[in-house]
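**Student:** I am attaching a structure below and will ask some questions about it afterwards.
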Amino acid sequence: MKLNHTFFWARLLPKPLILNLATLGNVGTKTKMPGTFGSIFGFFFYAITYHYFSSFVYIFALCIMTYVAAAICDTAEQYMMKKDPSSIILDEFVAVPFIFLGLNAFNPNVLEAGGWPIYLSGILLFRFFDILKPLGIRQIERIQGGVGCVLDDVVAALVSCFLLHLLVLNMIS
């Protein structure tokens, strides 16, 4: 694996911290469906935090989180000596909030507009694109290191976001 010098700072952190962050406290190593659990934790993070920030601040924070996750995943891959191991679920955790970007533009409270099925649809769309990796997502995953590890999930989330917006638009029209 090629060393990414952009993420030098992550290698300064203790190895157990990197591995715990990358696997969300070892959840990724203890479950049969680690990516799904990472997605669920990512959804809860979204549900707890999204309404505290303006859209601009929230998107900026997601971009910073994506960079930090790429650095942590890059370093964890180095320690594990594997490319995007399934136990690394920080990438799903960080990607899931992208699924729901702009959803509140349709209705400030999505639960009133269509409820939990909208959120579930978003997660299911994301898992579909994350697992099967169509539409060039597999090529993005081939990017070396933490960038490929995280970016393929972010792209899967953005494709899911687009389709979820179409679904919601269809529901309200």
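FYI, it's all coordinate maths here, none of it is from the lab. All values reported here derive from a predicted model rather than from experimental measurement. With ideal geometry, Cβ positions are generated from the backbone for all residues, glycine too; neighbour counts draw on all protein chains shown.
**Student:** Can you work out ³J(HN,Hα) from phi for every residue in region 10-20, in order, using Karplus 6.51 cos²θ - 1.76 cosθ + 1.60 and θ = phi - 60°, giving whole Hz and x for Gly and Pro?
**Tutor:** Coupling constants for region 10-20: 5, 6, 7, 7, x, 3, x, 5, 4, 5, 5 Hz.
**Student:** Just to confirm my numbers, what's the Cα centroid distance between region 50-108 and region 5-35 in Å?
**Tutor:** 14 Å
**Student:** Suppose each label sits 7 Å from its Cα in the direction of the beta carbon; what would the Ser55-Met81 distance come out to in nanometres?
**Tutor:** Each label point is offset 7 Å from its Cα along the Cβ direction, giving 4.8 nm.
**Student:** Over all directions, how big on average is the projection of the convex hull of the alpha-carbon atoms in region 5-172, in square nanometres?
**Tutor:** Average of the hull's projected areas for region 5-172 equals 9.6 nm².
**Student:** Springs between alpha-carbon pairs under 10 angstrom, Gaussian network model over the chain: which of Ala95, Ala70, Ala61 fluctuates most?
**Tutor:** Ala61
**Student:** Next question, about the same structure. When the C-alpha atoms of region 13-84 are aligned to their principal axes, what extent does each axis show, in angstrom, from largest down?
**Tutor:** 39, 25, 19
**Student:** Measure nothing fancy, just the Cα-based angle from helix 116-132's long axis to the longest principal axis of the chain, in degrees from 0 to 90, nearest 10.
**Tutor:** 40 degrees
**Student:** Can you tell me the length gained on complete extension of the stretch Phe128 to Ile143, counting 0.36 nm per residue apart and subtracting the Cα distance?
**Tutor:** So the extension gain works out to 3.4 nm.
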